[in-house]
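**Student:** Right, I'll just put the structure down here and ask away after.
The values are calculated or read from the model by the stated rules, or taken from the named source; none is laboratory data. Quantities reported herein were computed from a predicted structural model and do not represent experimental measurements. Cβ placement follows ideal geometry from the backbone for every residue including glycine, while neighbour counts extend to all protein chains displayed. The protein model used for the area step is the full one, side chains on, heavy atoms only, and it has no ligands, DNA or RNA in it. Shrake-Rupley method; radii C 1.70, N 1.55, O 1.52, S 1.80 Å.
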Amino acid sequence: MAVGFLAAATVLAACGPSIAPEGASSEPTAADPDALQAPTDESPSGEITIWDRSGDLFNVFDAAIAAFNEKYPDITVHHEAVDIDAKLQNTLITGSDVPDGVFLDDAKVAGFADYLWNLEGVLEPYVDDIAQQKVDVNTLDGGMYGVPFDLNPGLLYYNATALEAAGVDAATIETYDDLLEAARQYKTAVPAAGPIHLEQSAFLGQLQLDMYASQLGTSLADENGALRIDSPEYAQVLTFLDTVQKEGLGTRAEYLTQSDVGALESAKQVFYPWAIWFSFAPQQQLTETFGDWRAMPLPAWSEGGARSGAMGGSSFVLPKDGENSELAWLFYEFLMYDEAGYTAVYGPNDVYPNGLNTSVPAYEPAADPSRPLFGPLEALGGQDLWAVAVEAGRQIPGGAPTPAWWAGAVDYLGNDVQRMLDGELTPQEVMEQSSAAIQTNLVDRQ
């Protein structure tokens, strides 16, 4: 499934100057040595090495190579399944056998920026049509270091069959206060229920916290790296989570572990605020409640507020030491910005016969609500998830680069959120304590 940054981020320093637009000289100037220039040959040729993680997306991208070669028959793609988290950092540092292009979690782009081409120039024709949040997370010091791939809008998944049986109208849920009220109604009807998912993994809990904060237009740090956890926005999110726990309105479990699935299948857990990629669960794991689930935009934090936030995401980066990075750019340009390319990625294929439905494209012309790239989901009762997710994606506020220390913050913020859910800390203590620890142990040591 398409899951963004589910592994530790690196702690490499990041920097990079802005560059000239596409169409400038093919030779980097002294002012912008990190600028990637697109090939100017009418029939570019050569070989490129592309790294992707093994799994479903590797197979999707692998299948799309044939479509790429219809446009660029003289570029040979060596597609390799690699443990990127284990291998990329040392490869970039040593400069040995460096790939031309790499699939990378958005959380890690800033940390590797010293080793990557600045893509601002080659992306210039497309950037106005890329979701702002994806532009922001890939932008650092005036440069853009990743080709945005997926948009992972947060959605509220809910068991429509169970709610209807309990007399709870999901259509009334527009704000998080409405969600709390619906959960209270459901618990009254089903006393053993913990209707709302509370994530027990410190890592995924922090990732979900990012989603909630994203709705409010904030994140752990701003574009300059300054912490902003101790803020009214985080107080609002943490107070909501604390309320769910204290009122017994939540099921606390790790994402799709046995206890989590059991609560979902027994209809004790009926609300799941999560990224679009939760769609994997009703399709693959929730056999007893298959067809009972639906998706809607997340509730807003206040009336009229954004109905979605970003939870994870990935992009493609081009290392400066790659032998043919300019040809790798053509590969990613085709996959993301050419209709034949993004249709090959998101449309029906051998891996996803109904189309890749665990994210939506970050490129807005590809995310056309009237031209779905994947079909309705039987696991969601035939719902058109494409339309729901595309609209939710358009409501995600802009963001900021994910700091290189994000994963290290789990030891503080992620764990403190869990301690709050254990009843050991208040929301204010989580903000104050984790902010101080992250500043001292991570930010100040960069």
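**Student:** If you take the residues of segment 166-197 that are in a loop (DSSP other than H, G, I, E, B) and touching a helix residue (DSSP H, G or I) at 6+ places or on another chain (Cβ under 6 Å), which of them is most open to solvent (accessible area, probe 1.4 Å)?
**Tutor:** Out of the qualifying residues, it is Ala166.
**Student:** Can I ask one more? I want to confirm something. Restricting to segment 327-356 and keeping residues that are within 23 Å of Asp136 (Cα to Cα) and acidic (Asp, Glu), which single residue is surrounded by the most Cβ atoms within 10 Å (Cβ to Cβ)?
**Tutor:** Glu333
**Student:** Would a scan of segment 192-207 turn up a residue that is within 19 Å of the chain's Cα centre (by Cα), under 14 Å from Pro401 (Cα atoms) and touching a residue at least 60 places away in the same chain (Cβ under 8 Å)?
**Tutor:** no
**Student:** Looking at Leu57, Leu12, can you tell me which residue is surrounded by 15 or more Cβ atoms within 10 Å (Cβ to Cβ) and either at pLDDT below 85 or assigned to a loop (DSSP other than H, G, I, E, B) (or both)?
**Tutor:** After applying the criteria, what remains is Leu12.
**Student:** What do you reckon, is Ala86 surrounded by fewer than 19 Cβ atoms within 10 Å (Cβ to Cβ) and either within 27 Å of the chain's Cα centre (by Cα) or modelled with pLDDT under 95 (or both)?
**Tutor:** yes
**Student:** While we're on this one: Answer yes or no as to whether Ala162 is more than 17 Å from Ala281 (Cβ to Cβ), of a type in the set (A, V, I, L, M, F, W, C) and touching a residue at least 12 places away in the same chain (Cβ under 8 Å). Steps first, please.
**Tutor:** Numbers: more than 17 Å from Ala281 (Cβ to Cβ): no; of a type in the set (A, V, I, L, M, F, W, C): yes; touching a residue at least 12 places away in the same chain (Cβ under 8 Å): yes.
No.
**Student:** Moving on to the next point. From the list Leu209, Leu241, Leu204, pick out the single residue that is at pLDDT 95 or above, open to solvent by 10 Å² or more (accessible area, probe 1.4 Å) and under 19 Å from Gln433 (Cβ atoms).
**Tutor:** Leu241
**Student:** Just to confirm my filter: which helices (runs of 4 or more DSSP H) fall fully inside segment 96-165 and include at least 3 residues that are under 14 Å from the mean Cα position of the chain (by Cα)?
**Tutor:** 106-112, 132-137
**Student:** Continuing with this model, one more query. Give the residue, chosen from Tyr337, Tyr342, Tyr332, that is in contact with a helix residue (DSSP H, G or I) (Cβ under 7 Å, 6 or more places away or on another chain), of a type in the set (Ser, Thr, Tyr) and closer than 30 Å to Ala67 by Cβ.
**Tutor:** On the way: Tyr337 fails: in contact with a helix residue (DSSP H, G or I) (Cβ under 7 Å, 6 or more places away or on another chain); Tyr332 fails: in contact with a helix residue (DSSP H, G or I) (Cβ under 7 Å, 6 or more places away or on another chain).
So the residue among Tyr337, Tyr342, Tyr332 that is in contact with a helix residue (DSSP H, G or I) (Cβ under 7 Å, 6 or more places away or on another chain), of a type in the set (Ser, Thr, Tyr) and closer than 30 Å to Ala67 by Cβ is Tyr342.
**Student:** Being farther than 24 Å from Asn224 by Cα and either among the hydroxyl-bearing types (Ser, Thr, Tyr) or open to solvent by 20 Å² or more (accessible area, probe 1.4 Å) (or both) is the filter here; which residues of segment 400-417 pass it?
**Tutor:** Asn415
For (1) closer than 26 Å to Gly382 by Cα; (2) touching a strand residue (DSSP E or B) at 6+ places or on another chain (Cβ under 7 Å); (3) of a type in the set (Val, Ile, Thr), each residue gets a yes or a no:
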residue: Phe271; (1), (2), (3): yes, yes, no
residue: Glu288; (1), (2), (3): yes, no, no
residue: Pro299; (1), (2), (3): yes, yes, no
residue: Glu303; (1), (2), (3): no, yes, no
residue: Phe316; (1), (2), (3): no, yes, no
residue: Pro319; (1), (2), (3): no, yes, no
residue: Leu327; (1), (2), (3): no, yes, no
residue: Tyr332; (1), (2), (3): no, yes, no
residue: Met336; (1), (2), (3): no, yes, no
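**Student:** Here is a follow-up. Only one of (1) closer than 22 Å to Asp105 by Cα; (2) not in a helix (DSSP H, G or I) is not met by Ala389, so which one is it?
**Tutor:** Result: Ala389 passes all but (2).
**Student:** Then there is this: Scan segment 256-277 and give yes if some residue there is surrounded by fewer than 19 Cβ atoms within 10 Å (Cβ to Cβ), closer than 17 Å to Val417 by Cα and of a type outside the set (Lys, Arg), otherwise no.
**Tutor:** No, segment 256-277 contains no residue that is surrounded by fewer than 19 Cβ atoms within 10 Å (Cβ to Cβ), closer than 17 Å to Val417 by Cα and of a type outside the set (Lys, Arg).
**Student:** Among the residues of segment 418-446 satisfying the criterion of being over 12 Å from Leu227 (Cα atoms) and free of Cβ contacts under 8 Å to residues at least 24 places away in the same chain, which is surrounded by the most Cβ atoms within 10 Å (Cβ to Cβ)? Walk me through how you get there before you give the answer.
**Tutor:** First pass over segment 418-446, keeping only residues over 12 Å from Leu227 (Cα atoms): 418-430, 433, 441, 445-446.
Cutting the leftovers down to free of Cβ contacts under 8 Å to residues at least 24 places away in the same chain gives us 419, 422, 424-425, 429, 433, 445.
Values: Arg419: 15, Asp422: 10, Glu424: 11, Leu425: 21, Glu429: 14, Gln433: 18, Arg445: 10.
It comes out as Leu425.
**Student:** Mind checking whether some residue in segment 214-232 is surrounded by fewer than 18 Cβ atoms within 10 Å (Cβ to Cβ), not in a loop (DSSP other than H, G, I, E, B) and not basic (Lys, Arg)?
**Tutor:** yes
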